[in-house]
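**Q** Have a look at the structure that comes next, please.
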Amino acid sequence: MNRTISVVTPVYAGGAKYLTEAYESIRDERERLPAGWTVQWLVQEDGTTGQPLRALPDEPWISTGMASKGGAGVARTMALPRATGELVRTLDADDVIMPGGLARDIAVMETHPEVGWCVSAGLDLLPDGSMVPGPYDPPEGPLNFEALLTAFDEDVFPILAQHLTARTPLLLAVGAWPALPAWETMAAVLCCAAVSDGWMVSAPGGIYRRHSGQTTSQPSYSEVADLRDLKVIVQAQAQALHSAGWRWP
């Protein structure tokens with residue numbers, strides 16, 4: 001029986017410009033997975049227009065869904081009831097998986113059964129076509145909750161949270177992606193780290209596209225929440241989980 005990694009992608013009406021490239025990167029990854037593995041792509045509209053989903057081909061490994069608009073975190077979480085994979089991997093609608101990215105995540109999770117999640121390095125694709133690595137990427141190896149929490153507090157979060165791969169039961173146990181107006185990907189990573197060891201995959205697992213149309217570059221993005229309150233709630237939730245003393249599994 002095949003084992004599955006479920007890739008979760010939120011998209012909104014007007015935000016599907018690069019969705020075909022995301023599709024092509026996952027389609028190509030299907031041929032690179034370890035023997036006995038398959039991929040499922042969960043594309044969830046943040047909204048109910050159906051518009052961004054029309055660009056996708058009708059293929060059995062692609063599952064689409066819609067729900068009332070609530071932000072990217074809500075859209076990701078609303079996709080999880082359709083997940084059949086033992087692993088869940090995030091991918092933004094304007095990003096792509098690097099060749100071998102999924103296979104490397106799977107290999108780490110199989111080699112280190114004690115870890116509940118991993119994050120791969122990313123490359124920033126700049127508007128001029130150049131690509132640069134993340135400024136704070138840690139080396140290959142274990143990821144520590146206290147170090148991640150300190151880095152978050154100092155605004156130098158060292159990993160690309162959009163590249164999270166987690167064991168599905170762990171992700172569900174920590175509440176998946178919280179219903180926050182921003183930073184929900186970092187919050188999900190910190191909550192996973194609060195109760196489970198993680199692993200840094202130093203080889204780039206994807207390309208993070210920086211462009212004028214992305215949500216985080218919009219002038220309105222800075223107004224989504226009081227950033228001080230947002231930082232407080234992200235830290236408080238992660239610290240509460242860690243202080244509870246419960247460990248996964």
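**Q** Report the antiparallel proportion of the DSSP beta bridges in segment 1-100 as a percent, rounded to a multiple of 5.
**A** DSSP beta bridges in segment 1-100 are roughly 5 percent antiparallel.
**Q** If you take the Cα atoms of segment 1-121, find Rg, then find the Kirkwood Rh from the mean of 1/r over all pairs, what is Rg/Rh?
**A** When Rh is taken as the Kirkwood radius, the ratio is 0.96.
**Q** Report the longest stretch of the chain that contains none of the trypsin sites (Lys or Arg not before Pro) sitting in a DSSP loop with at most 16 other Cβ atoms within 10 Å. Before the final figure, lay out each step's value.
**A** Working: sites that count: Lys17, Arg30, Arg32, Lys69, Arg210, Arg247.
Segment 70-209 is the longest.
**Q** Now, a different point. Pull up the DSSP beta bridges for the chain and report the antiparallel fraction as a percent, rounded to 5.
**A** Antiparallel: roughly 35 percent of the beta bridges in the chain.
**Q** Pro127: net charge of surrounding residues, Cβ under 13 Å, Lys/Arg +1, Asp/Glu -1, itself excluded?
**A** -1
**Q** If the chain between Glu59 and Asp124 were fully stretched, how many nm would it gain, using 0.36 nm times the residue separation less the Cα-Cα distance? Please list the in-between numbers first.
**A** Numbers: separation 65, 0.36 × 65 = 23.40 nm, distance 2.96 nm.
Value of the extension gain: 20.4 nm.
**Q** Further, regarding this structure: If one computes the Cα centroid of segment 151-170 and of segment 14-42, what distance in Å separates the two points?
**A** Cα centres, segment 151-170 to segment 14-42: 21 Å.
**Q** Could I ask something else about it? Using bins 5 angstrom wide from zero, how does P(r) for the chain break down, in % of all Cα pairs?
**A** The percentages, shortest bin first, are 1, 6, 14, 19, 21, 19, 12, 6, 1, 0.
**Q** Under unit Cβ charges (Lys, Arg +1; Asp, Glu -1), what dipole magnitude, rounded to 20 debye, does the chain have relative to its Cα centre?
**A** 540
**Q** Only counting other Cβ atoms within 10 Å, I'd like Ser6, Ser243, Ser63, Ser120 sorted with the fewest neighbours first. Working shown, then result.
**A** On the way: Ser6 21, Ser243 9, Ser63 16, Ser120 26.
Final ranking by Cβ density, sparse to dense: Ser243, Ser63, Ser6, Ser120.
Rule-based calculations on the coordinates, nothing more; no lab input. Keep in mind that this is a model prediction, so the values were computed, not measured. All Cβ positions, glycine included, derive from the backbone under ideal geometry; neighbour counts span all protein chains shown.
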